[in-house]
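A.B. asks: Structure below; questions to follow.
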Amino acid sequence: ATGMKVGQIGTRMTQIVSGYCATAASAITASTTTMLTCTPSEGTSLLGATDRVMVMATSSLPGRVFLSSASSTAAGTIQVNALNTGVDAGTVSSAVYAFNFWAFR
């Protein structure tokens, strides 16, 4: 099979991949949203620009930072918006963040 669709409604899928990705070292300023570029550990050929992605935070992300959105608008990477609520300690120091993901094509 070259694709699948469950039920009569929905989009036909031709590829499902999962893995984890990591960002470059970045600080996340208090009370703002920071866009992070996350590169899959398997390499940039894994994702397409129109893939639908679901991203899950790992313990590398401080508890006061929430993921507000994710997309694969650039082939090979995932753009993740991280919102720092500023509660407790303000700006998060520069660090590398890792996320788990599923991508659908």
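A.B. asks: Suppose we keep only residues that are part of a loop (DSSP other than H, G, I, E, B) and open to solvent by less than 60 Å² (accessible area, probe 1.4 Å) within segment 21-39. Which one would you say is nearest to ALA75 (Cα to Cα)?
C.D. replies: Ranking the candidates gives THR32 first.
A.B. asks: Next up: Condition first: among the polar types (S, T, N, Q) and in contact with a Phe, Trp or Tyr (Cβ under 7 Å, 6 or more places away or on another chain). Can you find one or more residues in segment 86-98 that meet it?
C.D. replies: no
A.B. asks: Search segment 83-105 for residues that are closer than 28 Å to SER18 by Cβ and modelled with pLDDT of 85 or more and pair each with any residue that is among the acidic types (Asp, Glu) and surrounded by 14 or more Cβ atoms within 10 Å (Cβ to Cβ) when their beta-carbon atoms are under 9 Å apart and the residues are at least 6 apart or on different chains.
C.D. replies: Every condition considered, the pairs that remain are ALA103/ASP51; PHE104/ASP51; ARG105/ASP51.
A.B. asks: Working only within segment 33-50, note down all residues that are of a type outside the set (A, V, I, L, M, F, W, C) and under 14 Å from VAL80 (Cβ atoms).
C.D. replies: THR33, THR34, THR37, THR39, PRO40
A.B. asks: Regarding segment 9-20, can at least one residue be identified that is in a loop (DSSP other than H, G, I, E, B), touching a strand residue (DSSP E or B) at 6+ places or on another chain (Cβ under 7 Å) and of a type in the set (S, T, N, Q)?
C.D. replies: no
A.B. asks: Return the residue satisfying two criteria in turn: it lies in segment 2-20 and is in contact with a Phe, Trp or Tyr (Cβ under 8 Å, 6 or more places away or on another chain) and hydrophobic (A, V, I, L, M, F, W, C), and of such residues it is most open to solvent (accessible area, probe 1.4 Å).
C.D. replies: Filtering first and then ranking leaves ILE16.
A.B. asks: Could you give me the residue pairs with C-beta distances under 9 Å whose first residue belongs to segment 35-57 and is in contact (Cβ under 8 Å) with a residue 60 or more places away in the chain, whose second residue is of a type in the set (Phe, Trp, Tyr) and open to solvent by less than 30 Å² (accessible area, probe 1.4 Å) wherever it lies, and which are 6+ apart or on separate chains?
C.D. replies: Close Cβ pairs (under 9 Å, with a partner that is of a type in the set (Phe, Trp, Tyr) and open to solvent by less than 30 Å² (accessible area, probe 1.4 Å)) amount to LEU36/TYR97; LEU36/PHE99; CYS38/TYR97; CYS38/PHE99; CYS38/PHE101; PRO40/PHE101.
A.B. asks: Then there is this: What number of residues in segment 40-78 are closer than 26 Å to ARG12 by Cα, open to solvent by 30 Å² or more (accessible area, probe 1.4 Å) and not in a loop (DSSP other than H, G, I, E, B)?
C.D. replies: 10
A.B. asks: Another question, then. How many residues does segment 1-50 contain that are of a type in the set (Val, Ile, Thr) and either within 16 Å of VAL92 (Cβ to Cβ) or touching a Cys at 6+ places or on another chain (Cβ under 7 Å) (or both)?
C.D. replies: 7
A.B. asks: Just to check your reading of the model, which residue among SER18, SER45, SER69 is out of contact with any Pro (no Cβ under 9 Å at 6 or more places or on another chain), farther than 23 Å from THR2 by Cβ and of a type outside the set (A, V, I, L, M)?
C.D. replies: Result: SER69 is the single residue among SER18, SER45, SER69 that is out of contact with any Pro (no Cβ under 9 Å at 6 or more places or on another chain), farther than 23 Å from THR2 by Cβ and of a type outside the set (A, V, I, L, M).
The values are calculated or read from the model by the stated rules, or taken from the named source; none is laboratory data. For clarity, every value in this text was computed on a predicted model and none was experimentally measured. Here the Cβ is made from the backbone with ideal geometry for all residues, glycine too, and neighbour counts use every protein chain on show. Side chains included, ligands, DNA and RNA excluded: accessible areas come from the protein's heavy atoms. Shrake-Rupley method; radii C 1.70, N 1.55, O 1.52, S 1.80 Å.
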